[in-house]
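Trainee: Quick one: this structure, given as structure tokens, is what I'll be asking you about.
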Amino acid sequence: MLETSNEAPVPVRVVSEAVGEYISKLGPIWIEGELSEVTVRPGAQMVFMRLRDSSADMSLQIMCHRSVLAAVQPLAPNARVVVYSKASWYAKSGSLSFSVKEIRQVGVGELLARIEALKTVLAGEGLFDAGRKQSLPFLPRAVGLICGRNSDAEKDVVENAKRRWPSVRFEIREVAVQGSAAVVEVSAAIRELDAHPEVDVIIITRGGGSFEDLLPFSDEGLVRLAANATTPIVSAIGHEKDAPLLDLVADWRASTPTDAGKRVVPDMGEEVAKIAAFLDRARRQIHSTLSQENARIGALRDRPVLKEPLTMINSRHEIVTALLHRSFRSMASHIAIGAKEVSHLATQVRTLSPQATLDRGYAVVQQQDGALLRSAQNVIRGQRLRIRLAEGEATATAE
């Protein structure tokens, strides 16, 4: 470790040599990336290239002997390779390069195996679960569109969406959709549109292509970014047979760019027809309800109680009158019976009354104190007696 201070700095040469010593300890390593900017100078034995990382805006300067590159020819542009190289530091210029001893092209089978392995990992984390899917808005304020520059996919999405809803508004981000810059530019566009306050849905689209062309849309970083976006994402990558991992984490997978344009906005003609149908149904329902209520009111109006309101009163009056007459008759009958009973009792009373006995010629003899005189033995000579007759009283003196 270099020990320095502002009073004891070290020269550039010492720093550059120290960096070279540190890098030399790294030893040979295998590196994977996309091969680009291959420069072959006429007559030169060394070939200079750049090895790019498809998921980040990074690259390394590499070089190899012409024969090393010839051993893997032909290579497609931006081919994915692994290189066996050793880092070299040029102290004089302060530059780093990697000297390549072997180049191997990553085959489609190996790429497929890696994608399947990543697919298994992401599925295990639940990024493909239906419960994570967000519903697409019925009518978005703005549609975010990530597509290639001046691409047919962009035209298909815009034209089909405007054909269905002419006033739809797009926020379009044209980016690289294949090659080494695709992952970086598509990821940046997703972040920008996801933060846009008026974008309610994002479409990521491109036309069909080879397996290698669609590899950026299976990149782990891009797929995770799309899975964690707060704005619903529609994936329209390639055609029905193409299936990058982005399709599995997207909230909706469109089979084609045309299908995506139709999916994000409603059809104005269909909506107008639905509104007309709803209005007609509501109108018919209202008319039906009014007809039923009118019929009910007519039926109520034709009922006797409403047609002849006094009918009920008259019938009740007759009943009350009959009950009154009946009660009067019943009361008179009871009074007549009671009068007869009273007359009979009066007759009985009169029959049993002492007055009736007196009327027949008998008399009642009483002492002065009113006590009845029942026996002659109880009479005292000279006693004053009261004699009660049928009519009046008389007094007498006992002899």
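Trainee: Only one residue in 103, 172 is closer than 23 Å to residue 81 by Cβ, in a strand (DSSP E or B) and in contact (Cβ under 8 Å) with a residue 24 or more places away in the chain, so which one is that?
Mentor: 103
Trainee: Filter region 365-387 down to the residues that are in contact with a Leu (Cβ under 7 Å, 6 or more places away or on another chain) and modelled with pLDDT of 80 or more and list them by number.
Mentor: Matches in region 365-387: 365, 366, 367, 379, 385.
Trainee: Give region 347-366 a look and list any residue that's of a type in the set (D, E, K, R), outside any loop (DSSP other than H, G, I, E, B) and closer than 23 Å to residue 385 by Cβ, or say none.
Mentor: Passing the criteria: only 359.
Trainee: Okay, next question. Among the numbered criteria (1) free of Cβ contacts under 8 Å to residues at least 12 places away in the same chain; (2) surrounded by fewer than 11 Cβ atoms within 10 Å (Cβ to Cβ), which single criterion is violated by residue 381?
Mentor: Of everything listed in (1) free of Cβ contacts under 8 Å to residues at least 12 places away in the same chain; (2) surrounded by fewer than 11 Cβ atoms within 10 Å (Cβ to Cβ), residue 381 misses just condition (1).
Trainee: Against the condition part of a loop (DSSP other than H, G, I, E, B) and either under 30 Å from residue 219 (Cβ atoms) or of a type in the set (Val, Ile, Thr) (or both), how does residue 72 come out, does it pass?
Mentor: Yes: the conditions hold for residue 72.
Trainee: Going residue by residue through region 193-207, is there one that turns out to be buried (at least 19 other Cβ atoms within 10 Å of the Cβ), in a helix (DSSP H, G or I), touching a strand residue (DSSP E or B) at 6+ places or on another chain (Cβ under 7 Å) and not acidic (Asp, Glu)?
Mentor: yes
Trainee: Okay, next question. Considering region 370-399 alone, what residues qualify as being farther than 22 Å from residue 357 by Cβ and of a type outside the set (Ser, Thr, Tyr)?
Mentor: 377, 380, 381, 382, 383, 384, 398, 399
Trainee: Still on this structure: So which pairs qualify, if the first residue must be in region 344-364 and outside the structural domain of residue 388 (by TED's automatic domain parsing), the second must be among the basic types (Lys, Arg) and assigned to a loop (DSSP other than H, G, I, E, B), the Cβ gap must be under 8 Å, and the two must be at least 6 apart or on different chains?
Mentor: Pairs that qualify, where the first residue is outside the structural domain of residue 388 (by TED's automatic domain parsing) and the partner is among the basic types (Lys, Arg) and assigned to a loop (DSSP other than H, G, I, E, B): there are none.
Trainee: A follow-up question, please. In region 82-101, which residues are modelled with pLDDT of 85 or more and over 16 Å from residue 27 (Cβ atoms)?
Mentor: 82
Trainee: Being under 21 Å from the mean Cα position of the chain (by Cα) and surrounded by fewer than 19 Cβ atoms within 10 Å (Cβ to Cβ) is the filter here; which residues of region 249-270 pass it?
Mentor: Of everything in region 249-270, just one residue is under 21 Å from the mean Cα position of the chain (by Cα) and surrounded by fewer than 19 Cβ atoms within 10 Å (Cβ to Cβ), namely 266.
Trainee: Being more than 30 Å from residue 382 (Cβ to Cβ), surrounded by 10 or more Cβ atoms within 10 Å (Cβ to Cβ) and either in contact with a Gly (Cβ under 8 Å, 6 or more places away or on another chain) or modelled with pLDDT under 80 (or both): is that true of residue 353 here? Even if it seems obvious, please write down each step before you answer.
Mentor: Details: more than 30 Å from residue 382 (Cβ to Cβ): yes; surrounded by 10 or more Cβ atoms within 10 Å (Cβ to Cβ): yes; either in contact with a Gly (Cβ under 8 Å, 6 or more places away or on another chain) or modelled with pLDDT under 80 (or both): yes.
Spelling it out, residue 353 is indeed more than 30 Å from residue 382 (Cβ to Cβ), surrounded by 10 or more Cβ atoms within 10 Å (Cβ to Cβ) and either in contact with a Gly (Cβ under 8 Å, 6 or more places away or on another chain) or modelled with pLDDT under 80 (or both).
Trainee: Can you tell me which residue in region 193-208 is farthest from residue 142 (Cα to Cα), limited to those that are within 23 Å of the chain's Cα centre (by Cα) and not hydrophobic (A, V, I, L, M, F, W, C)?
Mentor: Only one residue tops the list, namely 194.
Trainee: Name, by its number, the condition in (1) among the small types (Gly, Ala, Ser); (2) out of contact with any Leu (no Cβ under 9 Å at 6 or more places or on another chain); (3) over 22 Å from residue 255 (Cβ atoms) that does not hold for residue 187.
Mentor: Unmet for residue 187, out of (1) among the small types (Gly, Ala, Ser); (2) out of contact with any Leu (no Cβ under 9 Å at 6 or more places or on another chain); (3) over 22 Å from residue 255 (Cβ atoms): (2).
Trainee: Looking only at region 11-27, count every residue that is part of a loop (DSSP other than H, G, I, E, B) and surrounded by 13 or more Cβ atoms within 10 Å (Cβ to Cβ) and tell me the total.
Mentor: Going through region 11-27 one residue at a time, the tally reaches 0.
Trainee: How many residues are surrounded by fewer than 19 Cβ atoms within 10 Å (Cβ to Cβ) and either part of a loop (DSSP other than H, G, I, E, B) or touching a residue at least 60 places away in the same chain (Cβ under 8 Å) (or both) when one looks only at region 179-189?
Mentor: The qualifying residues number 2.
Trainee: Next up: So if I check each of 316, 374, 301, which one is loosely packed, with under 11 Cβ neighbours inside 10 Å and outside any helix (DSSP H, G or I)?
Mentor: Testing whether each residue is loosely packed, with under 11 Cβ neighbours inside 10 Å and outside any helix (DSSP H, G or I) leaves just 374.
Trainee: Out of all the residues in region 108-149, which are in contact with a Leu (Cβ under 7 Å, 6 or more places away or on another chain), outside any helix (DSSP H, G or I) and not hydrophobic (A, V, I, L, M, F, W, C)?
Mentor: 144, the sole residue that qualifies.
Trainee: Hey, residue 210 hits all of (1) assigned to a loop (DSSP other than H, G, I, E, B); (2) modelled with pLDDT of 95 or more but one; which does it fall short on?
Mentor: (2)
The values are calculated or read from the model by the stated rules, or taken from the named source; none is laboratory data. What you see is a predicted model, and the numbers here were worked out from it, not measured in a lab. Every residue, glycine among them, receives a Cβ derived from its backbone with ideal geometry; neighbour counts consider all protein chains shown.
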